[in-house]
1. Here are some residues: THR41, THR74, THR11. Which one is over 30 Å from THR249 (Cβ atoms) and of a type in the set (S, T, N, Q)?
2. Under the condition of being surrounded by fewer than 23 Cβ atoms within 10 Å (Cβ to Cβ) and within 22 Å of MET211 (Cβ to Cβ), which residue from the range 27-45 is modelled with the highest pLDDT?
3. For the range 83-132, which residues satisfy the criterion of being assigned to a loop (DSSP other than H, G, I, E, B), without any contact (Cβ under 8 Å) to a residue 24 or more places away in the chain and among the charged types (D, E, K, R)?
4. Only one of (1) part of a loop (DSSP other than H, G, I, E, B); (2) of a type outside the set (D, E, K, R); (3) buried (at least 16 other Cβ atoms within 10 Å of the Cβ) fails for GLY54. Which number is that?
5. Sort out which residues of the range 207-225 are touching a Phe, Trp or Tyr at 6+ places or on another chain (Cβ under 6 Å) and either under 18 Å from LEU48 (Cα atoms) or in contact (Cβ under 8 Å) with a residue 60 or more places away in the chain (or both), and write them in order of number.
6. What pairs come out if I take residues in the range 151-174 that are over 20 Å from PHE26 (Cβ atoms) and in contact (Cβ under 8 Å) with a residue 40 or more places away in the chain and pair them with residues that are of a type in the set (Gly, Ala, Ser) and open to solvent by 50 Å² or more (accessible area, probe 1.4 Å) whose C-beta lies under 7 Å away, six or more apart or interchain?
7. Looking for whichever is open to solvent by 40 Å² or more (accessible area, probe 1.4 Å), part of a helix (DSSP H, G or I) and out of contact with any Leu (no Cβ under 8 Å at 6 or more places or on another chain) here; the options are LEU231, LEU216, LEU200, LEU243. Which one fits?
8. Mind counting the residues in the range 159-187 that are open to solvent by 40 Å² or more (accessible area, probe 1.4 Å) and either in a helix (DSSP H, G or I) or of a type in the set (Ser, Thr, Tyr) (or both)?
Amino acid sequence: MITLVLDIITTAAILFIVSAGLLIVFGVMKIINFAHASFITIGAYSALVASRLGLSPVLAPALAFLAGGLIGATAERVVVRRLYGRPLDAILATWGLSIVIGQLVTLAFGREVQFVPAPISGTLAIFGEDYSRYRLLMVAAAFVIAGLFTGLLNGTRLGLSTRAVIMNETLAQGLGIDSTRVRLITFGIGCGLAAVAGALITPLASVDPNMGLSWLIGAFMLVMVSGGSLLTLGLSCFVLGGLQVLASTFISPILGGLTIAVLAAVSLRLRPEGFARG
């Protein structure tokens, strides 16, 4: 029972980490970044490079954020900026971008499956049950990301500008806020967070050019039911992630893999605002 509860908590934390970058892009730019999966992959390979270079594991997420942020900002400047107000075109463009990134990663690293060791190993005894130390670390990482995200939005000038653009972009522009710059930085941060997620989850999975795809649909559905709020994203991850764990444990892992997508779709059908306040 203790193991099941810990599985639910750590799965929710991992889903939050994976979805946070997608949320910030959707909240400000009102588009879904379907290249999100590729930036997760970029983060995973950043962790792989850091491991091969013998760098401290603590530097892997920082390296991933830098790589993802720079590539994301470049993509926003070259591709996404021309597609504001055209969400369908933006989805197709970011999907195409993900294919390009995937092919470039394949050219650089090959198609073979590779692995990155966890920075901490072993188990920790909790109420008589041994549980993975690294999965528990994911819970702390989720709280750190949430704290930094909240601090950025509420405690910085960029955060103030970002919230103004989210609420009313036209009025924000009238007050002298450069919404183009806000969008550029936001997209870069969102892609950087996706890369951080890739670096953090890599020790729990294998690394290959398509590894991010398995996380995309779940992250997409979680962001949709969250209504663009960080708090409701956390709630969505806990509820739907918990149901996924229960379905995988007591019914079938295959069914568990479908749980988030199916239940999120049902939730949106019954309550279009999802977990957000109506």
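The values are calculated or read from the model by the stated rules, or taken from the named source; none is laboratory data. Note that the coordinates shown come from a computational prediction; the quantities given were computed from them, not determined experimentally. Every residue, glycine among them, receives a Cβ derived from its backbone with ideal geometry; neighbour counts consider all protein chains shown. The area values use the complete protein model at the heavy-atom level, side chains included, leaving out ligands, DNA and RNA. Shrake-Rupley method; radii C 1.70, N 1.55, O 1.52, S 1.80 Å.
1. Working: THR41 fails: over 30 Å from THR249 (Cβ atoms); THR11 fails: over 30 Å from THR249 (Cβ atoms).
It is THR74.
2. It comes out as PHE34.
3. Of all residues in the range 83-132, those assigned to a loop (DSSP other than H, G, I, E, B) come to 84-86, 110-113, 115-122, 127-128.
Applying the additional criterion that residues be without any contact (Cβ under 8 Å) to a residue 24 or more places away in the chain yields 85-86, 110, 120-122.
Once the filter is applied, which keeps residues that are assigned to a loop (DSSP other than H, G, I, E, B), without any contact (Cβ under 8 Å) to a residue 24 or more places away in the chain and among the charged types (D, E, K, R), the range 83-132 yields only ARG86.
4. Here GLY54 meets the rest and fails (3).
5. From the range 207-225, those touching a Phe, Trp or Tyr at 6+ places or on another chain (Cβ under 6 Å) are 223, 225; that's our starting set.
Of everything in the range 207-225, just one residue is touching a Phe, Trp or Tyr at 6+ places or on another chain (Cβ under 6 Å) and either under 18 Å from LEU48 (Cα atoms) or in contact (Cβ under 8 Å) with a residue 60 or more places away in the chain (or both), namely VAL223.
6. Pairs found: none.
7. On the way: LEU216 fails: open to solvent by 40 Å² or more (accessible area, probe 1.4 Å); LEU200 fails: open to solvent by 40 Å² or more (accessible area, probe 1.4 Å); LEU243 fails: out of contact with any Leu (no Cβ under 8 Å at 6 or more places or on another chain).
Result of the check over LEU231, LEU216, LEU200, LEU243: LEU231.
8. Matching residues across the range 159-187 total 13.
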